[in-house]
Amino acid sequence: MKHLLFFTFLIVFIGCSETEARRPVKVKTGNVLQQSVERNKKLLAMEEAMMQQIIAQDSLNTYFSSGGGSWYYYVNKNDRADYFPQPDDLVSLQYNLVSFENDTIYTQQDIGIITYKVDKQELFPGLRSAVKLLKENETATFLIPSSLGYGYHGDNDQIGINIPLKATVSILKIDKQSTNIQN
């Protein structure tokens with residue numbers, strides 16, 4: 001009986017001790033994410049420096065900031081028009097893509113005329129922004145950083161990883177939607 005009482009007391013004593021939480025096998029520090037952020041900051045700074053160098057060397061054109069990270073100048077400006085594309089408008093446009101070293105990536109003939117429903121269809125971010133900055137019968141050349149182009153993935157064809165682009169965009173026609181005309 002003494003032994004039974006002793007073992008019962010021992011089991012109760014051991015069972016009442018504090019439990020200790022298990023520690024994770026692997027501790028994640030977020031190093032990979034931080035390294036990616038730093039790499040992207042350096043890449044953007046380098047591309048912005050390249051854009052500023054292009055702008056400084058081009059004394060024939062006046063560049064404007066898009067407000068979203070790209071720069072552009074007008075090739076053909078339409079001072080008679082006052083309507084900019086709004087969401088849901090159908091825009092007919094043409095564009096080409098070249099590298100910052102002026103190597104042709106895609107010509108206007110390669111791409112053809114595109115009918116784009118503003119903010120409702122997929123275009124790369126820099127081109128979506130460019131369309132909204134131009135009026136009918138205007139053409140402008142945009143300097144687009146890779147983060148607003150095809151980014152770290154490219155287009156799986158002729159545009160590689162992290163390639164900044166020059167795009168000459170022409171708005172041929174804007175079909176206004178009825179809700180935009182009333183506003």
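The values are calculated or read from the model by the stated rules, or taken from the named source; none is laboratory data. Bear in mind that the values here come from a model prediction, so they are computed numbers and not experimental data. Every residue, glycine as well, gets a Cβ built from its backbone with ideal geometry; the counts of neighbours run over all protein chains shown.
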*Output for the range 80-104, where each listed residue is hydrophobic (A, V, I, L, M, F, W, C) and in contact (Cβ under 8 Å) with a residue 60 or more places away in the chain*: Leu90, Val91, Leu93, Leu97, Val98, Phe100
*Sort out which residues of the range 130-151 are in contact with a helix residue (DSSP H, G or I) (Cβ under 6 Å, 6 or more places away or on another chain), touching a residue at least 40 places away in the same chain (Cβ under 8 Å) and assigned to a loop (DSSP other than H, G, I, E, B), and write them in order of number.*
Pro145
_Residues (part of a loop (DSSP other than H, G, I, E, B) and touching a strand residue (DSSP E or B) at 6+ places or on another chain (Cβ under 9 Å)) located in the range 158-178_ = Gln158, Ile159, Ile163, Pro164, Lys176, Gln177
*Hits in the range 150-183 (condition: at pLDDT below 95, closer than 30 Å to Ala49 by Cβ and small (Gly, Ala, Ser))*: Gly151, Gly154, Gly160
*Return the total of residues in the range 60-91 being surrounded by 14 or more Cβ atoms within 10 Å (Cβ to Cβ), in contact with an Asp or Glu (Cβ under 8 Å, 6 or more places away or on another chain) and among the polar types (S, T, N, Q).*
1
